[in-house]
1. When the Cα centres of region 149-173 and region 37-104 are compared, how far apart do they sit, in Å?
2. Charges only on Cβ, +1 for Lys and Arg, -1 for Asp and Glu: so what's the dipole of region 223-285 about the Cα centre, in debye to the nearest 20?
3. Would you kindly give the portion of the calculated P(r) for region 91-226 that falls above 27 Å, as a percent of all Cα pairs?
4. Once whole DSSP H runs in the chain are found, which of them have Cα atoms spread over 20 Å or more along the helix axis and a mean Kyte-Doolittle score of at least 1.0?
5. Please compute P(r) over all alpha-carbon pairs of region 16-81, binned at 5 Å starting from zero, and give each bin as a whole-number percent.
6. Quick one: Kirkwood hydrodynamic radius for region 232-293, alpha-carbon pairs, angstrom, one decimal?
7. With +1 on each Lys and Arg Cβ and -1 on each Asp and Glu Cβ, how big is the dipole of the chain about its Cα centre, in debye rounded to the nearest 20?
8. Whole percent per 20 Å bin, from 0 to the bin with the longest distance: what is P(r) over all C-alpha pairs of the chain?
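Values in this text are rule-based calculations from the coordinates and carry no lab data. In this text the structure is predicted, and so the values were computed from the model without any measurement. Backbone-built Cβ (ideal geometry, glycine too); neighbour counts: all protein chains shown.
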Amino acid sequence: MENTRTNRFLLTGGCGYFGYRLACALHDKGAEVILFDTAPPSQEVPKNIVFLQGDIREYAQIEKAVSTGVDCVFHIASYGMSGREQLKRDLIEAVNVQGTQNILKACLQHGVSRLVYTSTFNVVFGGQVIENGDESLPYLPLHLHPDHYSRTKSLAEMAVLKANGTALRGSSGVLRTCALRPAGIYGPGEQRHLPRIVGYIERGIFRFVYGNPKSLVEFVHVDNLVSAHELAAEALTPEKQHRSAGQAYFISDGRPVNNFEFFRPLVEGLGYRFPKLRLPISLVYFCAFLTEMIHHLIGPFYNFQPLLTRTEVYKTGVTHYFSMGKAKAELGYEPQERNLDEVVQWFRSRGHGRKCHSSLSIRLLLDILFVSALVAVALSFLPVVGS
């Protein structure tokens, strides 16, 4: 990146998986980096990277971090992306919407000239088929989002892009903003999605796939996403004519793939059998809906992890992929080809992987019992016909 040695970056959510990788990449190029998060990173922080503990819901805390002469903010922090987190409406709203407003206010008050917001595909996707979509697609109407995370990320992205060009207090400059909309992130050490999937595999829960086998989705390797963020920040500078200012960009590896086929190398690489049973997506969606209703009732007493939420069902089973044309043309984004080999090696190095083989008859019996349970649940909600 140009001029990196004179830049100071603040990363909200900087101690998460992606934030930490981005911080290390910036640091390696000579940048000053500040990590702002509610908890310190689990990994050792390279020398000269500063960690500030704080919460973006508290304006005074984010203002203190921004007031240290920050030139660019990468706003990565969010809440409610997956699993039971998706069901905590008030917390999702506070972090994703109010937290973003706090960051924008602090940037304007303290002369921060650049802000790159980590958004999501979900701002335009709500379960409808999208094939090679681009940034001209409108936001999904807020009331059509079935989950609070996607709705609040839409509100936050709108606020960030609307703030582009706003005058900085006590300065002749303005705030330049842009938003990146990444696909699902993967890579060795990812801590949100992959451990959950591996847990399902190892506990014998991953016994079926669902939806059309020709459905296509996208993923983005963490290193490709790091590159996109660096390029986006650079494209906000005067040297690049602020070309990314006010813009949103879809970011992925650029290789649409069936969701379950994408994870086949992980399943088989850990020594497990890939499921042959395929269920209709409507049945799985219905079961996810029931699970959410049960969680709503007993969640305050027992906060269990749902197998799947409705949002996760359509994100994994409904075709939606996007063109990288705009990111390539305006940012110079060129995703490198990646696969799950490193991920498999990472899990194996930590003791994961099949250590013994169950007999075929036992696996078959478990499959039958699992399918029978699903069918029983579905049939229990059918109306009873009177005699």
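1. 16
2. Values: 7 positive and 7 negative charges, 91 e Å.
Charge dipole, region 223-285, about its Cα centre: 440 debye, nearest 20.
3. Values: 3157 of 9180 pairs.
Value for region 91-226 (Cα pairs over 27 Å): 34 percent.
4. Answer set is 281-298, 360-379.
5. 3, 15, 31, 26, 17, 6, 1
6. The answer is 16.3 Å.
7. Working: 40 positive and 35 negative charges, 133 e Å.
With Lys and Arg at +1 and Asp and Glu at -1, about 640 debye.
8. All Cα pairs, binned at 20 Å, distribute as 26, 56, 16, 1, 0 percent.
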